1. Provide a single number: the residues in region 214-245 that are in contact with a Leu (Cβ under 8 Å, 6 or more places away or on another chain) and among the aliphatic types (A, V, I, L, M).
2. Out of all the residues in region 269-299, which are touching a Gly at 6+ places or on another chain (Cβ under 8 Å), surrounded by fewer than 17 Cβ atoms within 10 Å (Cβ to Cβ) and either basic (Lys, Arg) or under 26 Å from residue 205 (Cβ atoms) (or both)?
3. In region 137-161, which residues are more than 17 Å from residue 107 (Cα to Cα) and either of a type in the set (Val, Ile, Thr) or crowded, with 21+ Cβ neighbours inside 10 Å (or both)?
4. Look through region 234-245, keep the residues that are hydrophobic (A, V, I, L, M, F, W, C), farther than 28 Å from residue 137 by Cβ and in a strand (DSSP E or B), and return whichever of them is nearest to the chain's Cα centre (by Cα).
5. Suppose we filter 199, 192, 211 for residues that are touching a Pro at 6+ places or on another chain (Cβ under 9 Å), of a type in the set (Gly, Ala, Ser) and in contact (Cβ under 8 Å) with a residue 40 or more places away in the chain; which single one remains?
6. When only residues in region 240-259 that are touching a helix residue (DSSP H, G or I) at 6+ places or on another chain (Cβ under 8 Å) and more than 24 Å from residue 126 (Cβ to Cβ) count, which is surrounded by the fewest Cβ atoms within 10 Å (Cβ to Cβ)?
7. Which one is farthest from residue 124 (Cα to Cα) among residues in region 180-195 that are part of a loop (DSSP other than H, G, I, E, B) and out of contact with any Leu (no Cβ under 9 Å at 6 or more places or on another chain)?
8. Enumerate the pairs (first residue in region 83-110 and at positive phi; second residue anywhere and among the aromatic types (Phe, Trp, Tyr) and assigned to a strand (DSSP E or B)) with beta-carbon separation below 6 Å, excluding pairs fewer than 6 apart on the same chain, so at least 6 apart or on different chains.
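The values are calculated or read from the model by the stated rules, or taken from the named source; none is laboratory data. These numbers were taken from a predicted model, which means no experiment stands behind them. Note: ideal-geometry Cβ built from the backbone for every residue, glycine included; neighbour counts use all protein chains shown.
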Amino acid sequence: MTGERGDRTPLGRPGRVLTALLCALTAAGLYGCSGQGPKDPAPTPTPTASPATSAPAPTGRSPFTGLPARPAPVLAVKIDNVAAARPHTGLGEADLVYVEQVEGGVTRLLAVYSSRLPELTGPVRSARESDIALLAAFGRPVLGYSGAQTALTPLLEAAPLHLVTETTAPEVFRRSPDRAAPHNLYLRPARALATDPGAENARDVGFRFGAAPVGGTPVDSSTVRFPAARYTFTWSAADSAWRVAMDGREARATDTGPLTPETVVVQRVTIRPSDFQDRYGSVSPYTETTGSGSALVLRDGRSYEARWSRPSTASGTTFTTPDGKPLAFAPGQTWVVLAPRG
């Protein structure tokens, strides 16, 4: 999304000649002149992840990545993840990516943006009840999604979320002619955030970043299985990150290439039936993200057994070593795979 230039302000020929003469005199030290005549208005700056080189350096660090970043609001986007939705767009720029189980044992992604914004992200799909509790730790984020079951909509509207759909804000979305519906809906992150001028900035959600813990087990790859989906994370020393494969195929983004998170968290959670069904009568699973349990943290080519704890939806999720010390993630993008226990 780029700014549009305003109408040009004409400067007649006599005016241009006079301006040139005055500035020539100024150069010779014979006249005081600013040297500036009327000119085109500057384009409206586009919020992006890549600040201009003249901009001041960030003064803080992102609570989502541990990297230098300015305070910025939070956008969560529900992403389609069946084969027809791949390759994705915009996932490489996300601070966090959550993997959630949905109907039929397949998965969808919840991408969280704050530090950087791609031009587009998607394909975008519908929200689930689990998203409400998961996102409560982020304050009042903007949530971009394609819609939800009629019975779920009142719960979403009552949650601390600023909701953005194709119906409520059509200017935020675009349909790609290159894919068939429903796998062709994409969201413009900068426009989505602009719909909520009072959006809260990113806040602490419990993660800690820093040097790797002592110990761990060297590992080349790790696979997580859902009833009808499979994720493999393979360590790449060249990238200093994990390469993602989905259902046996390398995962890529159309705009940034291979998906390579620095940290992968396999958070073992309870996944139970919810009170909602899809249009075909399949019961939607509910992923419980409060409570406590075990986890596996992958970073720097090693795996670490961990414990996770989240006492309530208002609190963040902490990860500790088996002896109770905080377990730091590698600075950069983190994927949290909400995997079924056992």
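1. Count: 2.
2. Within region 269-299, just 270 meets the criteria.
3. Correct list: 138, 141, 142, 143, 144, 150, 153, 161.
4. 245
5. Just one listed residue meets the conditions, 199.
6. 257
7. 195
8. 105/226
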